[in-house]
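The values are calculated or read from the model by the stated rules, or taken from the named source; none is laboratory data. Since the model is a prediction, treat every value here as computed from it, not as a measurement. So basically every Cβ, Gly included, is an ideal-geometry build from the backbone, and we count neighbours across all protein chains shown. Ligands, DNA and RNA are stripped out before the accessible areas are found, and what is left, the full protein with its side chains, is counted by its heavy atoms. Shrake-Rupley method; radii C 1.70, N 1.55, O 1.52, S 1.80 Å.
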Amino acid sequence: MIAFLQRYRRIAVLTPLMLALASAASAQAPYPNRNITLVLPFAAGSGTDTTTRIISKELGTALGVGMVVENKAGANGSIAASYVARSAPDGYTLFVTTNTTHSANPYLLKTMSYDPIKDFTPIARTGDLPFMLVIHPDIPANSVAELIALAKKEPGKYSYASGSSSAIVSGATFARLAGIDLLHVPYKSSPPALTDVIAGRVSMMFIDVLTGLPHVNGKALKSLAVTTKKPSALLPHLPTMDATVKGFDISSWQGYFGPANMPKDMVTRLNAEIRKIVERPDTKSQLAERGMEAFSSTPEEFDAFLKEQLVLWEKLITDAGIEKQ
């Protein structure tokens, strides 16, 4: 019995030490050595969700670990952004987001629970997600000009849905530049907003090409124009909004972030692997089929771009006359 107690005491003393050594060994193992969680600010089925799953599959293979996609939609992306901003900067919680959280929210929201620059580490920009204007097929308009004419003829009759900052700002900018009265109907994310446009409960929506195009091809929606000033290489047949509504030029970007103060070696590794994947012709082709114009950047280029976008989106939102919510 005495021998058993002595043995038990030795085990009790050694166990915490063994756990500490194991933890230290894990911490010193080359990054990454366990699953990485990619947090998204939009719901499953959104353009960002679909393109992220394509890239993350290849990224997981390149890094030799599992990639877990976690959708945290709501509050215009703020829930997801705040979650990542408060996560440990250990490289195992990353944020795949767009201009919604990092360019527009500072000028759309009265209170912000995160700082888009100070609370994050830019890793890599991965491309642009062009938006297009879609309307319910029963609306008797086949062009932006015809839609404007209808809206002017019956002020207040037509509405636009939104599930992202790009959609909010695009709708408000369209109404202002065209001189028409449109009712804004906000949604938590793009898929339910699009559902109501298809059902005819809302007249129109500015939606990313990936999410909207299948419904256009299926004749559930009509597409009238792209939001970029230059014609989209992905949709060369669609005119630009600027062709009818001069000065209209809005696009959505996408990129990877970590929490602030991520170690440089981790950022360098992630950036190198993401850039390899995004620049591969097969990846570009897959993403193009889903409405994304893919290209990459260095962390430094991404950081500079983010600061430029904050200035641009402040002007877009101010000019559109959108009040903070």
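Summary of values
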| read-out | value |
| --- | --- |
| Lone qualifier among SER82, SER103 - being out of contact with any Gly (no Cβ under 7 Å at 6 or more places or on another chain) and crowded, with 23+ Cβ neighbours inside 10 Å | SER103 |
| Residues satisfying the stated conditions in region 196-215, i.e. at pLDDT 95 or above and either closer than 23 Å to GLY247 by Cβ or of a type in the set (Val, Ile, Thr) (or both) | VAL197, ILE198, VAL202, SER203, MET204, MET205, PHE206 |
| Residue list for region 146-172, filter: in contact with a Leu (Cβ under 9 Å, 6 or more places away or on another chain), open to solvent by 10 Å² or more (accessible area, probe 1.4 Å) and assigned to a helix (DSSP H, G or I) | GLU146, ILE168, ALA172 |
| Residue list for region 277-304, restricted to those being among the hydrophobic types (A, V, I, L, M, F, W, C) and either assigned to a loop (DSSP other than H, G, I, E, B) or open to solvent by 30 Å² or more (accessible area, probe 1.4 Å) (or both) | ALA288, MET292, PHE295, ALA304 |
| Residue under evaluation ARG125, criteria (1) surrounded by fewer than 23 Cβ atoms within 10 Å (Cβ to Cβ); (2) among the basic types (Lys, Arg); (3) touching a strand residue (DSSP E or B) at 6+ places or on another chain (Cβ under 8 Å); (4) at pLDDT 95 or above, criterion not met | (1) |
| Some residue of region 251-268 being closer than 25 Å to ARG53 by Cα, in a helix (DSSP H, G or I), hydroxyl-bearing (Ser, Thr, Tyr) and modelled with pLDDT of 95 or more | yes |
| Members of region 47-71 found to be open to solvent by 50 Å² or more (accessible area, probe 1.4 Å), touching a residue at least 24 places away in the same chain (Cβ under 8 Å) and closer than 19 Å to TRP253 by Cα, listed by number | ASN71 |
